[in-house]
Amino acid sequence: MKSYDADCVIVGAGCAGLSLATAIIEQGLPSNAKILLLDSREQYTRDHNWCFFDARRHPFEAAVQHRFPRWAVRHSGRTIERASSGMSYVHVPADRFYEIAQARIASSNKGAELRLGTDVSQLVETAQGVVVHTSRGEIRTKHVFDSRPLKTAKSPSHVHLLQHFLGHEIEADSPVFEPGVATLMDFDVDQSRGIHFIYVLPFTKTRALVESTFFTESVLDESVYKEAIARYMRERFRVSDYSVVDRERGVIPMTTQPFDAQPSAHVSRIGLAGGFAKPSTGYAFLASQRYAEEAARTFRRGGDLTAIGARPTRSVFLDAVFLSFLKHHPEQAPSIFRRLFEKTAPDVLVRFLSEEGSRLDDLRVMKSLPTLAFMLETAKSAGSWKDAL
Ligand SMILES: Cc1cc2nc3c(=O)[nH]c(=O)nc-3n(C[C@H](O)[C@H](O)[C@H](O)COP(=O)(O)OP(=O)(O)OC[C@H]3O[C@@H](n4cnc5c(N)ncnc54)[C@H](O)[C@@H]3O)c2cc1C
């Protein structure tokens, strides 16, 4: 392949793809370089609410709509409320994120181009690059970043849970919510179907995103989540009548199985398909920013794009042990999470959850967990973390 249509093609212009394009543009596209983003969707809507601790700088600061300086975890009638010295839990609605990314692409003087309504069916590796087969013809490129959802056969030696949830953005008649405090997990709800909690993101005193979330092996009927939200509103806030102004449904894999992030010499998988989601939380927004920054630097200097990882290798081990514990002892999950928030210093825990921590942070987090139980789990789960290290 002698000539290329683009230096790199980003397949899927969602969170990971747009973050990567934005980082490449912000760091300065090399002159005459061309990046192309392809997405099968026809338009952008507010299809996600991305929340995370602002533990690292990122180009989407202007998209942050709500900040929560305090956060809470609740179990057995006790609420653990915490705050960090400088970090908040923040909310980025997807529509704002998409607007910022599209504005950056528009500012690139055609160095970057976004083509919506373009379905990618196949990537064919050649000696010098990749031919991208799309619903609008073929594109030749040196490198592909692929964020299309991936279906992989499940290995029985690994833990496979799903984080599945339904969220209702609720407008209540009375001022029942407390803006500024995000309830990350309220376990004082029905646990008969497995690990279950309610998540409350209060936008105003009357409006909040309320989500019923499970960490189990299979997705439930929509009515289960709806009833859990309605019951929570009644029992926790004494609110029976409310309007649902928006909804969000999601399923995120929580697995210890390694992702094949580098399927061939000129293709890198990114986003959920590349294993960006932290297995024990399902969070992937900050990992997308971390990867984007490093990949953009590497792209700019013409370095090896296949050598970049989104997540620190050492967190693979801790996540595997933690996930294995959740699978084998789901009944202990509420007390373990409460203990984690209660006994770990907030700054340390936030850095750890955001994968921005040090080895010392990891040790401090481990110290706040029940040592014997987790040592046994470390031995039991060896099959699921050894091959990933
Ligand atoms: C509802 C929901 C809420 C979440 N909330 C959070 C959160 O609060 N915090 C957090 O850190 N993480 C969260 N996550 C996890 C993760 O951050 C998101 O899933 C994130 O969107 C993953 O980015 P991605 O680029 O992998 O996928 P997407 O953002 O889904 O992007 C993939 C893109 O690929 C396109 N595509 C698919 N197939 C094709 C094809 N054949 N050809 C061309 N294009 C294609 C899609 O149209 C899409 O635009 C959430 C996940 C979900 C599902």
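Any read-out appearing in this document is the output of simple, stated calculations on the displayed coordinates, not a laboratory observation. Predicted model only: the values in this text are computed from it and were never measured. Note that we place each Cβ from the backbone using ideal geometry, even for glycine, and neighbour counts take in every protein chain shown.
Summary of values
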| quantity | calculated |
| --- | --- |
| Top of Ser368, Ser88, Ser107 by mean-square fluctuation, Gaussian network on the chain, Cα under 10 Å | Ser107 |
| Dipole-positive endmost among Ala333, Ala83, Gly303 within the chain (Cβ charges, Cα centre) | Gly303 |
| Shape of region 83-209, Cα gyration tensor, a/c cut at 1.5 | oblate |
| Most mobile of His133, His160, His196 in a GNM of the chain (Cα contacts under 10 Å) | His133 |
| Size of electric dipole in the chain: Cβ of Lys, Arg +1 and of Asp, Glu -1, about Cα centre, debye, nearest 20 | 800 |
| Mean Cα-pair separation over length for the chain, i.e. relative contact order, pairs under 8 Å, 6 or more apart, % | 20 |
| Of every Cα-Cα pair in the chain, the percent that sits beyond 33 Å | 33 |
| Stretch gain in nm, segment Ser264-Asp5, where the contour uses 0.36 nm per residue and the Cα spacing is subtracted | 91.3 nm |
| Over 32 Å between alpha carbons, listed pairs Lys142/Lys278; Lys142/Lys327; Lys154/Lys226; Lys110/Lys278 | Lys142/Lys327; Lys110/Lys278 |
| Region 160-255 - percent relative contact order, Cα under 8 Å, separation 6 or more | 44 |
| Förster radius 45 Å - calculated FRET efficiency between Ala127 and Asp173 (Cβ-Cβ, nearest 0.05) | 0.10 |
| Cα-centred dipole magnitude for region 181-327, charges only on beta-carbon of K, R (+1) and D, E (-1), debye, nearest 20 | 440 |
| DSSP-loop GluC sites (Glu not before Pro) across region 211-291, with at most 15 other Cβ within 10 angstrom | Glu217 |
| Whether region 251-389 is rounded, prolate or oblate, judged on the alpha carbon gyration tensor where a/c under 1.5 counts as rounded | prolate |
| Net charge, Val120 excluded, C-beta distance under 9 Å - Lys, Arg +1, Asp, Glu -1 | -2 |
| Helix-only [θ]222 nm of the chain, DSSP H runs n ≥ 4, -39500 (n - 2.57) each, per residue, nearest 500 | -9000 deg cm²/dmol |
| Mean separation of Cα contacts under 8 Å (6+ apart) over length of region 314-388, as relative contact order % | 46 |
| Stretchable slack from Glu42 to Ser76, in nm (0.36 nm times residue separation minus alpha-carbon distance) | 7.6 nm |
| Restricting region 211-246 to trypsin sites (Lys or Arg not before Pro) in coil, as DSSP defines it, with at most 13 other Cβ within 10 Å | Arg238 |
| Zero-based 5 Å bins, Cα pair distances in region 160-255, whole percents | 3, 14, 26, 26, 17, 9, 4, 1, 0 |
